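The next block holds one structure in the form of structure tokens; read it before the comments.
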Amino acid sequence: MKIVVCIKQVPETQDVRLDPVTHTLKREGIKSIINPFDLYALEEGLRVKESQGGTVTVLTMGPPQAEEALREALGLGADAAVLLSDRAFAGADTWATALTLAKAVEKLGGADLIFTGKQAIDGDTAQVGPMMASIMNISLASWARKVSFNTAGKAEVERLLDHGYDAVEVDLPALISVTKEINEPRLPSFKAKLKAKKEPIPVWGLADLGLNAAEVGLAGSFTQVVKVFPPPARGTSETWEGSPQDLAARLWQRLQEMT
Amino acid sequence: MDYLLTEEQTMLQDLARQITEERIKPIRAQLDEEEIFPTEIIKDLAQADLCGVIIPEEYGGLGLGAMENCLVGEALATGCVGVATTFGASLLGSYPLLYYGTDAQKSRYLPRLAKGEALAAFCLTEPQAGSDAGAILTTAVKDGDSYVLNGTKQWITNAGEAEIYTVIALTDPAKGARGASALLVEKGDPGISFGKKEQKMGIRASVTREVILEDCRIPKDRLLSKEGMGFIITMKTLDMARPGVGASAVGLAQAALDEAAAFAKERQQFGTPIFSFQAVQHLLANMATKLEAARALVYSVARFIDTKPKDFSKASAMAKVFATDMAMEVTVDAVQVMGGHGYMREYPVEKMMRDAKILQIFEGTNQIMRNVIGLALNKEYSKKK
């Protein structure tokens, strides 16, 4: 099984700051981490490899420092990593990002399974994975909470919905985006981290992927963020403490006052 | 302070700290309150390769030294000394095998210890033989191709949970301490059983039980080294382990200082954070200074051990006694800085103070440590005449 996991390096803080001029994320001075959902995608990739055999290659598109995220992924047990980095990729929207990633998977010789997190915690679009599947014309199963394989060589995926789940069967190759319910990501191991430190990580740019500058980055983007603003503050909240009985009585009284 | 750690040591420390933050701290209060053995945390440590820090690479370990081991122990102890003790006690049970085991004995046990599939325990203390370890009564009688063990070992950390027990027993009772030997007993051997779980003041995540040996028959190839080597092996084992106890003390004291200092920044009295009061600053200053001195000593001793000196009993005892006395003082003072809050179980420092006490008692009481240091000094100064 040839498995590719796409990850994104994101700012650690939940309090995302935006550049008022370009409307892109401000990254200066903020520690970067692997997008938490992507850790579940990587874990699922590693588990599939362990049960079905194969290799796990991790891909990310980003500035040169995104290499740290790839080294961390190698420390968790990924076999190889490729960084997609080029000035031309800067300012990419979800489509341009998906196209770049899809081309990289193609250059890797394709994949049987591509795992992504369900969304990134900075942009929160949840679009890149599905767009990649669309560009590559392969199966898509988003919001996975469970993945297994049947004897017909198809993937059986349970997709987490608001009220229950969807059970779908998909042909391979497939792209599967995962939720946090799917597994418990492992800790890194010292031996893998040592190895990861020395592992060469190739960097692929525009020319390596056979793309032209008009297709990628800001130039290849269909969308541009016009305005981003923080959500309006919610109303004031109160914290009550006490026994369940007292709290229930108090709540009941408050509700009666409100109606 | 910069202790000039290598890149590899820093990576190892970061990994141990990550496990402490993510897997130990969130559940330490529950482990303590409900006296739960940290099975899942041991699995996490194993998965991260931390169970095999000092185990040679050919047996699946990392093949690192006492310094690396101390860094890991220190990091774990900032989260929970009960967990650090479980980890350390398994090492204590492994040292005899590491230093005196044959290739066959090592191949049988070390890979499982390195992978965290098995824990070890060291069985020396008996009801009548604490500091006076030479007073042990447990016997191992040779019978054909076997040894048959009889006796009761007391307060054994990891008893019942460990798979491998290094037992010090008399193979020749007539010779007293010179007739003691070290033998490897497995949990599944006939005639080994375990007493009730002891109820302790602190380190309540770790498990302490009696190990009861009743006509416990083991193959004779479980003998470590030769008959009569029991106490030499014991001394070497304790010399190896004591800086690890010092490292636990350093980790514990660091955690207590961190809690107390953070609290002092937040807590307001007389209209200002209590950190601004000289009385509080002096407490914190003393805590921080003693802590740094202990850390420097523990690291120095660990690095000294890694140069493979012939005798390091004195240095090892110094690291243990200084760091653990320091941890007791610092944890008591952390509670003092936090006042009534520090005394409440809602805050972690009361557990830290309870956990600190055992460090002055086990693996040789701090009074015995001073005997060891005194004895070594006496020898040194006799030579100089």
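None of the figures in this text is laboratory data; all of them are computed from the coordinates on show. Source: prediction; values computed, not measured. With ideal geometry, Cβ positions are generated from the backbone for all residues, glycine too; neighbour counts draw on all protein chains shown.
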(request) Go through segment B:233-341 and name the chymotrypsin sites (Phe, Trp or Tyr not before Pro) that are in a DSSP coil and have 16 or fewer other Cβ atoms within 10 Å of their Cβ. (result) B:PHE270, B:PHE277
(message) Using Cα springs under 10 Å in a Gaussian network model of chain A, which residue among A:GLY242, A:GLY117, A:GLY54 shows the largest mean-square fluctuation?
(response) A:GLY242
(request) First select every other residue whose beta carbon is under 9 angstrom from the beta carbon of B:GLY202; then total the charges, Lys and Arg +1, Asp and Glu -1. (result) +3
(request) Compute the longest continuous run of chain A that contains no exposed chymotrypsin sites (Phe, Trp or Tyr not before Pro); treat a site as exposed when its DSSP state is not H, G, I, E or B and it has at most 13 other Cβ atoms within 10 Å. (result) A:1-221
(message) Students often check this: by mean Cβ neighbours within 10 Å, which of B:352-364, B:237-249 ranks highest, and how do the rest follow?
(response) B:237-249, B:352-364
(message) At most 13 other C-beta atoms within 10 Å and a DSSP loop state: those are the exposed trypsin sites (Lys or Arg not before Pro) I care about. Give me the longest piece of chain A that has none.
(response) A:32-226
(request) Could you pull out the longest piece of chain A with no exposed loop GluC sites (Glu not before Pro) in it, calling a site exposed if DSSP puts it outside H, G, I, E, B and it has at most 14 other Cβ atoms within 10 Å? (result) A:29-237
(message) Which trypsin sites (Lys or Arg not before Pro) in segment B:243-331 sit in a loop by DSSP (not H, G, I, E or B) and have at most 11 other Cβ atoms within 10 Å of their own Cβ?
(response) B:LYS310
(request) Using +1 at the Cβ of each Lys and Arg and -1 at the Cβ of each Asp and Glu in segment B:7-119, identify which of B:LEU110, B:LEU91, B:GLY65 lies farthest towards the dipole's positive end. (result) B:LEU110
(message) Using Cα-Cα distances under 8 Å and only pairs 6 or more residues apart, what relative contact order does segment B:121-228 have, in percent?
(response) 31
(request) Arrange the following residues from fewest to most other Cβ atoms within 10 Å of their Cβ: A:SER221, B:SER131. (result) B:SER131, A:SER221
(request) Go from 0 up to the bin containing the longest alpha carbon distance in segment B:231-383, width 10 Å each, and give me the % of pairs per bin. (result) 12, 36, 28, 16, 7, 2, 0
(request) Enter the angle in degrees (range 0 to 90, nearest 10) between the Cα long axis of helix B:349-359 and the first principal axis of the Cα atoms of chain B, meaning the one along which they spread out most. (result) 30
(request) Could you work out the Kirkwood radius for chain B, taking every pair of different alpha carbons, averaging 1/r and inverting it, reported in Å? (result) 21.3
(message) In whole Hz and in residue order, list the ³J(HN,Hα) couplings for segment A:88-103 that follow from phi through the Karplus curve 6.51 cos²θ - 1.76 cosθ + 1.60, θ = phi - 60°; x for Gly and Pro.
(response) 5, 7, 4, x, 5, 8, 5, 5, 4, 5, 4, 5, 5, 4, 4, 5
(message) List the residues, sorted by chain then number, that are 5 or more residues from B:LEU224 or on another chain and whose placed amide H is less than 5 Å from its amide H.
(response) B:ALA182, B:LEU183, B:LEU184
(message) Need one number: nm distance between label points at A:LEU18 and A:LEU251, each 7 Å from Cα along Cα→Cβ, rounded to one decimal.
(response) 3.5
(message) How large is the Rg to Rh ratio of segment A:2-258 when both quantities use alpha carbon positions and Rh follows Kirkwood?
(response) 1.05
(request) At a temperature of 20 °C and a viscosity of 1.002 mPa s, determine how fast the protein assembly as shown diffuses translationally according to Stokes-Einstein, using the Kirkwood radius over alpha-carbon pairs as Rh; express D in µm²/s, rounded to the nearest whole number. (result) 76
(request) Check each of the trypsin sites (Lys or Arg not before Pro) in segment B:180-209 and keep only those in coil by DSSP with at most 12 other C-beta atoms within 10 angstrom; list them in order. (result) B:LYS196
(message) I need to check one value: relative contact order of chain A, counting alpha carbon pairs closer than 8 Å and at least 6 residues apart, in percent.
(response) 24
(message) Quick check: the angle from helix B:66-79's long axis to the longest principal axis of chain B, C-alpha only, nearest 10 degrees?
(response) 50
(message) Looking at the protein assembly as shown only, what percent of DSSP beta bridges run antiparallel? Nearest 5 please.
(response) 60
(request) Using amide H atoms built 1.01 Å from N in the peptide plane, name the residues 5+ places from B:GLY195, or on other chains, whose amide H lies under 5 Å from its own. (result) B:GLU210, B:VAL211, B:ILE212
(request) May I ask for the angle, rounded to the nearest 10°, between helix A:244-258 and the longest principal axis of chain A, with both axes built from Cα atoms and the value confined to 0 to 90°? (result) 80
(request) May I ask you to derive the relative contact order of segment B:231-383, considering only C-alpha pairs under 8 Å and at least 6 residues apart, and to give it as an integer percent? (result) 32
